[in-house]
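The values are calculated or read from the model by the stated rules, or taken from the named source; none is laboratory data. Predicted model only: the values in this text are computed from it and were never measured. Because the Cβ atoms are built from the backbone with ideal geometry, glycine has one as well, and the counts that use them run over all protein chains shown. Side chains are part of the model used for accessible areas, which takes the heavy atoms of the whole protein and leaves out ligands, DNA and RNA. Shrake-Rupley method; radii C 1.70, N 1.55, O 1.52, S 1.80 Å.
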Protein chains: 2
Amino acid sequence: MPQSKREHLIDAALTLFNGYGYNATGIDRILAEAGTAKMTLYKHFKSKDDLILAALRRRDEEFRLRLSRAVESMADTPRGRLLALFDAHADWFDKENFRGCMFINAVAEFANLSEPIQAMAAENKRLIRAYISELAAEAGANDPDALAVELGLLLNGAIVSAQIDRSPESAGQARNAAAVLVEAALGG
Amino acid sequence: MPQSKREHLIDAALTLFNGYGYNATGIDRILAEAGTAKMTLYKHFKSKDDLILAALRRRDEEFRLRLSRAVESMADTPRGRLLALFDAHADWFDKENFRGCMFINAVAEFANLSEPIQAMAAENKRLIRAYISELAAEAGANDPDALAVELGLLLNGAIVSAQIDRSPESAGQARNAAAVLVEAALGG
DNA sequence: TAATATATAGAACGATCTGTCCATATCAAT
DNA sequence: ATTGATATGGACAGATCGTTCTATATATTA
């Protein structure tokens, strides 16, 4: 299983990075969780930073896929999907292993070092905004990007509030604000 | 100068924690910046975590004081002050040493450890919301707390966007959204 | 069966970090 | 002038971390 070992390492890394942070999670802990040897890790990744980057890459793909699937399953109309974004986040906040956004946390930890990690985080946020912009365009917004930026701000604000205040209800509060913004952008 | 040494240590710690993060900033670096000896630090604080906590306490006081002063100097009407919150944040984002919110970053780094730090961050966000709620009440909102929560979400969203995307303009975008919410809450 | 690639466990290394200890120096107050 | 509190600089211990290395085992393929 040549590919599988690599995936197991990324799996374990994602779980631990999410639960305890990047610096606080040691290599040995990842190896124990993945059930692999140290040399195997360094065969697949040239450093811990490289593993972090690979993990964030997978996180980005999975997160956006899960988000879009949840949104589509929750609402039929384009306008409804814009608000379903917040319901999907509410479900996320309610999970017991919720520890905030892994990209926000990564940028916080690697303050000015590690440009690739910063770039990966910015890319994730950019792609999510692009997805929201698509939804806004389908809903008939005449400036989809502007609405997407504003809803993105509310989503990120809800994430950090849920994390800091341990208040999953921030998703609903953000949804209330989003409803007003959507109403204003699309007309009653 | 018995009090001053302590203050110098907190000053240096704040600067370095903001610039490089909490874990990445070693004790020795703080000592060099503050120009004090190691034993002096451990006379005033019983551990690095204790110093972090003291620094965050000072940050909380100074930040809220600066914010309220900036808001009051920027607008005369209560309604104008609600929007001036975002202008004050715009000035902050433009500073070259802007590295995001120190409380958001602290919670990101100390994922589940260090309850006192988590509590300090939650307290800071709570006090800011309380201040916004005061402004909203003065502006005549009939549910000031609800409006304060929503504007707080936009502020936090703007902070992390400015940090991740290195886009100070997120303050203006949040302000646009806030204007719509304020309009809806206070009536045209 | 033999050969090749890959995984294993864990020792070892160098670097870094927090926190303690010590002997010396400074300075204000009696 | 002497005392007592406080600061200094640096050595030190103890722990942890990322990374490299060695030697052994396993499994696939020719």
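Do any residues in segment B:26-41 that are within 16 Å of B:SER4 (Cβ to Cβ) and of a type in the set (Ser, Thr, Tyr) have Cβ atoms under 6 Å from those of residues that are near DNA strand D (Cβ under 9 Å from one of its atoms) and open to solvent by 20 Å² or more (accessible area, probe 1.4 Å), where the two are at least six apart or on different chains, and which pairs are they?
B:THR36/B:LYS5; B:THR40/B:LYS5
Just for helices (runs of 4 or more DSSP H) wholly inside segment B:63-150: which have at least 3 residues that are open to solvent by 30 Å² or more (accessible area, probe 1.4 Å)? First the steps, then the outcome.
Working: elements: B:78-94, B:102-109, B:115-138.
By residue number, B:78-94, B:115-138.
Can you tell me how many residues in segment A:9-33 are within 13 Å of chain B (Cβ to nearest Cβ), within 12 Å of DNA strand C (Cβ to nearest atom) and open to solvent by 70 Å² or more (accessible area, probe 1.4 Å)? Break it down into steps so the answer makes sense when it comes.
Step one: of segment A:9-33, the residues within 13 Å of chain B (Cβ to nearest Cβ) are A:15-26.
Keeping just the survivors that are within 12 Å of DNA strand C (Cβ to nearest atom) gives A:23, A:26.
From what's left, open to solvent by 70 Å² or more (accessible area, probe 1.4 Å): A:23.
Number of matching residues: 1.
Condition test on B:THR36, is it within 16 Å of DNA strand C (Cβ to nearest atom), assigned to a helix (DSSP H, G or I) and surrounded by fewer than 20 Cβ atoms within 10 Å (Cβ to Cβ)? Quick ask: steps written out before the conclusion?
On the way: within 16 Å of DNA strand C (Cβ to nearest atom): yes; assigned to a helix (DSSP H, G or I): no; surrounded by fewer than 20 Cβ atoms within 10 Å (Cβ to Cβ): yes.
Taking the combined requirement at face value, the residue does not satisfy it.
Here are B:ALA136, B:ALA108, B:ALA174: which of them is over 25 Å from A:LEU14 (Cα atoms) and either facing another protein chain (nearest Cβ under 7 Å) or without any contact (Cβ under 8 Å) to a residue 12 or more places away in the chain (or both)? Before you say what the answer is, go through the steps one by one.
Numbers: B:ALA136 fails: either facing another protein chain (nearest Cβ under 7 Å) or without any contact (Cβ under 8 Å) to a residue 12 or more places away in the chain (or both); B:ALA108 fails: over 25 Å from A:LEU14 (Cα atoms).
The conditions single out B:ALA174.
Taking into account only those residues within segment B:44-62 that are closer than 14 Å to B:ILE10 by Cβ and open to solvent by 80 Å² or more (accessible area, probe 1.4 Å), which is nearest to the chain's Cα centre (by Cα)?
B:GLU61
Among the numbered criteria (1) touching a residue at least 40 places away in the same chain (Cβ under 8 Å); (2) within 11 Å of chain A (Cβ to nearest Cβ); (3) out of contact with any helix residue (DSSP H, G or I) (no Cβ under 6 Å at 6 or more places or on another chain); (4) open to solvent by 40 Å² or more (accessible area, probe 1.4 Å), which one does B:ILE159 miss?
(4)
For A:THR40, indicate whether it is within 12 Å of DNA strand D (Cβ to nearest atom) and not assigned by TED's automatic domain parsing to the domain that holds A:GLN118. Please lay out each step first, then the result.
Numbers: within 12 Å of DNA strand D (Cβ to nearest atom): yes; not assigned by TED's automatic domain parsing to the domain that holds A:GLN118: yes.
Considered against the rule, which asks whether it is within 12 Å of DNA strand D (Cβ to nearest atom) and not assigned by TED's automatic domain parsing to the domain that holds A:GLN118, A:THR40 comes out as yes.
Only one of these is assigned by TED's automatic domain parsing to the domain that holds B:THR77, within 18 Å of A:ALA178 (Cβ to Cβ) and free of Cβ contacts under 8 Å to residues at least 12 places away in the same chain: B:LEU153, B:LEU147. Name it. Working first, answer last.
Working: B:LEU147 fails: free of Cβ contacts under 8 Å to residues at least 12 places away in the same chain.
Of the residues listed, the single one that is assigned by TED's automatic domain parsing to the domain that holds B:THR77, within 18 Å of A:ALA178 (Cβ to Cβ) and free of Cβ contacts under 8 Å to residues at least 12 places away in the same chain is B:LEU153.
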